[in-house]
Structure formats: structure tokens, C-alpha cells
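A short write-up of the structure that comes next.
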Amino acid sequence: MTAFDAGPFSRRAWLLSDRPASRLQARLGRAYVAWRRFSANRLALVGMLIIIALLVVAAFADVLAPYSPTIGDLKNARLLAPGAAHWFGTDDLGRDIYSRIVYGSRWTLYVVILVAIIAAPIGLLVGTIAGYAGGWTDTILMRITDIFLAFPKLVLALAFVAALGPGIENAVLAIAITSWPPYARIARAETLTVRNSDYIKAVQLMGASPFRIVLRHIMPLCISSLIIRVTLDMAGIILTAAGLGFLGLGAQPPLPEWGAMIASGRRFILDQWWVAAAPGAAILIVSLGFNLLGDGLRDALDPRSGDQ
């Protein structure tokens, strides 16, 4: 019987050992310490539950939504107040708002995941190359980054969408193009911190190429900071996508995108407030969840944090 199997206290001691016997034990120990830090933040747990709920709603939208998100009863169900039949009421085309919000969660996840997949690797690559290479490479890449940072994200996204044309795919591309500069700044700062360390110098003496050093040894050190920033930026991505949808440059009707739903409901904001209030509340709750989750991940993954 190993020490890991002896009981909860032995398992904890095995995970927190100062001298791990294997890479697996070291990785599990780091994960356990990170979870302890994360779970100590109750608001972070709330944020995690909100995001888990969003994932569940998006995955089971077909089951959770009682009505079609695109087809409504224009004659008999137009602008009905929230009630037993329609929990969040109906819109001006007789469509159930609750069903549209449930299906709209899929489009929200679609946007944030695609933007993260596109923008984060670009920022990581630009930042690590600039930080490791230095000189003119660093100057040119960082000045390009500064140009993107000089414009408000929504304004720059509007310019790109206006050039590319309206649509959810073009909105994702425009948001991704405007989202990578902060990731590049973080990656560059992390790279400058470790570029002259003994660890990197040892790898250089072993004959590793600059490409291998950046890809295999520097980029992994930037991942934790990048994950934190991406999570914190999710709320801004959602708001930018909702802003483009509100202006008619994002998702096009009849897609149940939350920003477009607010835009269609602004005409009835005084008398039929629920048409715009329900998708607005959904944006608020999900954005809050990502912010709380990001704060918890920052506390858990920050390598400068001590053991709690």
C-alpha cells in the first residue's frame, strides 16, 4: 500500500510533498495547490457555477427550450408579459424570449471560444517573439501592437466589420483582430522576465534553436498568465459582440443573439420592458460569471502567490 492510499491526510501530504517522486506527482501537487487557492475564493466558485450553467444550457438547449427560437405566434402571442406559458414573455413577433435566450447561449459561447482560439495564440506568438528576439523585431512588433491599442476595441471592431460586412463570422474575426494586443503585451513581459534566466541559458548551451526555445520553453511559462487574461476578457468580448449585434453588424435576424434581441426590444422599452431586459440580464449574469472566474484563476495560477 502506497502513502497515497493510506488516507486523506497521507494523500494530502503526498500531493504537497516538497520532493515529488515523479512528474505526475508534481503536476497533481500543483493542481491541488491551485484548486485550494481557487476554492478559497467563494465568489470565484459562484463565477464557475455560472459558467458551468451556461455550458449546460447551451449543450441542452433543445431540451430546455419549450418553443422554437425563430418561429413565433404573431397573431396570438405578440408582446405577452412574463407568465406561466412564457416565462420571460414574448417579443414583437410572438417568439418566446426564454427559448431565444437559451439558444442564444450557444452563439455567446461560439463567439467567445472562437475569439479566444484566434486571438490568444496570435498574441502569445507575437509577444514571445518580440520579447526573446529584442532589437528591431521587438520595436516593430510592439509599435504595431501600440497602434491597435490606441483605438477603443469596439470602434476598431466596427471599422473591421464595416469593411468585411455584417454577420456573426465577420464579427468574430473583427473582435479577434482587436483582442490580441493585450495578450502580446503580457507574453512579452513574461518573456523578458525569463529570457536571461539560467534555465534558458542552459537550453541555449545545449544547442536548441531560438524557435525551439520560444515554442517549447518560453511559451509554456506564459500560458497561466494568458489564461487569466483571456478569462477576464471574456466579459469584454461578450459586450463587444452584443454591441455589434445591437448595431446590426453582428448576428443577423432571425438568429437569437442577445445583443440583437436588445436592439429589437429597444422600441418597447417603456411598455414591454421584458423584451430588452431579459437578454440584457443574461449578458450581465454571464459577464459577471466570467469576471468572477477570472479573478479566482488569477489568485490560483499566479506563480508569485504563496501557498495558502
| said: Compute the distance from the alpha-carbon center of the range 107-130 to that of the range 261-302, in whole Å. | reply: 22
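When only Cα pairs under 8 Å and 6 or more residues apart are kept, what is the percent relative contact order across the chain? Write out the running numbers ahead of the final one.
Working: 449 pairs, mean separation 73.9, N = 308.
Reported relative contact order: 24 percent.
Please report, in debye to the nearest 20, how large the charge dipole of the range 146-286 is about its Cα centre when each Lys and Arg carries +1 at its beta carbon and each Asp and Glu carries -1 there. Mind dumping the intermediate values first?
Details: 10 positive and 7 negative charges, 85 e Å.
With only Lys, Arg, Asp and Glu charged at Cβ, the dipole is about 400 debye.
Give me the net charge for the shell around residue 257: Cβ to Cβ below 15 angstrom, other residues only, Lys and Arg +1, Asp and Glu -1. Intermediate values should be presented prior to the final figure.
Details: positive: 95, 100, 106, 266; negative: 91, 169.
Neighbourhood net charge equals +2.
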| request: Return the whole-Å distance between the Cα centroid of the range 31-49 and the Cα centroid of the range 205-236. | output: 23
| query | Can you list the HN-Hα couplings for the range 127-143, worked out from phi with the Karplus curve (6.51, -1.76, 1.60; θ = phi - 60°), rounded to whole Hz and with x for Gly and Pro? | reply | x, 5, 5, 4, x, 7, 6, x, x, 5, 4, 4, 4, 5, 5, 6, 5
| What is the set of long-range amide H partners of residue 16 at a cut-off below 5 Å, with H atoms built 1.01 Å from backbone N? | none
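Calculate for the chain the 222 nm mean residue ellipticity that helices alone would give, adding -39,500 (n - 2.57) per DSSP H run of length 4 or more and normalising by residue count, nearest 500 deg cm²/dmol.
Working: 12 runs with 210 residues, N = 308.
After summing the helix terms and dividing by residue count, I get -23000 deg cm²/dmol.
Give me 37, 216 sorted ascending by neighbouring Cβ count inside 10 Å, so fewest comes first. It would help to have the intermediate numbers written out before the result.
Details: 37 21, 216 12.
Final ranking by Cβ density, sparse to dense: 216, 37.
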| For the chain, modelled as a GNM with alpha-carbon contacts under 10 angstrom, which of 73, 233, 18 fluctuates the most? | 18
| note | Around residue 240 (Cβ within 13 Å, Cβ-to-Cβ, excluding residue 240; K/R +1, D/E -1) the net charge comes to -1
| query | With θ set to phi - 60° and the Karplus curve 6.51 cos²θ - 1.76 cosθ + 1.60, what are the ³J(HN,Hα) couplings of the range 246-252 in order, to the nearest whole Hz, using x for Gly and Pro? | reply | 5, 7, x, 9, x, 4, 9
| Short version: ³J(HN,Hα) in whole Hz for each residue of the range 57-67, in order, from phi by Karplus 6.51 cos²θ - 1.76 cosθ + 1.60 (θ = phi - 60°), x for Gly and Pro, what are they? | 4, 5, 6, 10, 4, 4, 8, 7, 8, x, 10
| said: Counting other beta carbons within 10 Å of each residue's own, what order do 283, 140, 238 fall into, fewest first? | reply: 140, 283, 238
| message | Quick check on the exposure proxy: order 195, 185, 42 from fewest to most C-beta atoms within 10 angstrom. | response | 42, 195, 185
| request: Among 54, 226, 93, determine the one that fluctuates most according to a GNM of the chain built with springs between C-alpha atoms less than 10 Å apart. | output: 93
| task | Report, by chain and number, residues whose modeled amide H sits under 5 Å from the one on residue 250, excluding near sequence neighbours (fewer than 5 apart, same chain). | result | 167, 245
| said: 5 Å is the cut-off here: which amide hydrogens, built 1.01 Å from N in the peptide plane, fall below it relative to residue 195, excluding neighbours closer than 5 in sequence? | reply: none
| request: Give, rounded to the nearest 20 debye, the magnitude of the charge dipole that the chain has about its Cα centre when Lys and Arg contribute +1 at Cβ and Asp and Glu contribute -1 at Cβ. | output: 800
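Readers should treat all values here as calculations from the given coordinates under stated rules, not as data from a laboratory. Please read these numbers as outputs of a predicted model, since none were measured by experiment. Backbone-built Cβ (ideal geometry, glycine too); neighbour counts: all protein chains shown.
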